[in-house]
Amino acid sequence: GGDSQSTDGTESSHMHSENDLDCTRGYEWWLLREAKRRNPNIITYGLPWAFPGWVKGDDGEGNNPFSRPDLTASYIVEWLRCARDTHGVDIDLVGLWNECGNPGQGENEYAKLLRRTLDEEGFADTKIVAKDNDFSVCEEMASDPEYNDAIYA
């Protein structure tokens, strides 16, 4: 959760602020643990639908988590640590931002930074899923080898 309404109610974030980490907030952790317990081979996927206000940068509307990519990558890595270290679940896939994002917002640069950050922070096995809002990602990946290499699916 990103402290925002995301179809299934408001979902609490693991970080209400940059210095506030609580790996037990939200009901999703229970669902994740139960899914893994019931099927240890299940593929796990984390997809941000929203980001807390402190993560979002200024895109004129104050709604661009890719304007400060290092902060956004750190936020995602902390969530992955919560899953692994507190709940005993390794996340297989992580998405960029549900039904949002474009190169003009810095999404492609963020994806490249996220890949490097995941590798450096011990999450080399966690794969990145590209945006899901249109097919332009195919052309973007074809024209940018580093972006192509950062994305798994």
If you count only protein heavy atoms with a 1.4 Å probe, what accessible area per residue comes out for the chain, rounded to a whole Å²? 53
Give me the one-decimal nm value for the distance between modelled label points at ASN41 and ALA142, 7 Å along each residue's Cα-to-Cβ direction. 3.6
Qualifying lysines (Cα of each under 20 Å from Cα of LYS36; at least 8 residues distant if same chain): LYS127
Which of these, SER74, SER143, SER17, has the largest mean-square fluctuation under a Gaussian network model of the chain (Cα springs below 10 Å)? SER143
With all protein chains present, how much of the accessible area of segment 22-153 (probe radius 1.4 Å) comes from carbon and sulfur, to the nearest whole percent? 50
Taking Rh as the Kirkwood radius computed over alpha-carbon pairs of the chain and applying Stokes-Einstein at 20 °C with viscosity 1.002 mPa s, one gets a diffusion coefficient in µm² s⁻¹ of 135
Provide the packing ranking of 35-41, 84-90, 110-116, 99-105, i.e. peptides ordered by the mean count of other C-beta atoms within 10 Å per residue, highest first. 110-116, 99-105, 84-90, 35-41
In nanometres, what is the gap between the two model label sites at ARG33 and LEU93, each 7 Å from Cα along Cα-to-Cβ? 2.5
Taking R0 as 22 Å, what's the FRET efficiency between THR86 and ASP132 from their Cβ-Cβ distance, rounded to 0.05? 0.20
Testing the spin-label approximation: label points 7 Å from Cα along Cα→Cβ at SER17 and TYR152. State their distance in nm. 3.4
Distance histogram in 5 Å bins (all Cα pairs of segment 97-149, percent per bin): 4, 20, 30, 26, 14, 5, 0
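The values are calculated or read from the model by the stated rules, or taken from the named source; none is laboratory data. A quick note: this is a predicted structure, and the numbers were derived from the prediction, not measured. Note that we place each Cβ from the backbone using ideal geometry, even for glycine, and neighbour counts take in every protein chain shown. Heavy atoms of the whole protein, side chains included, go into the accessibility calculation; ligands, DNA and RNA do not. Shrake-Rupley method; radii C 1.70, N 1.55, O 1.52, S 1.80 Å.
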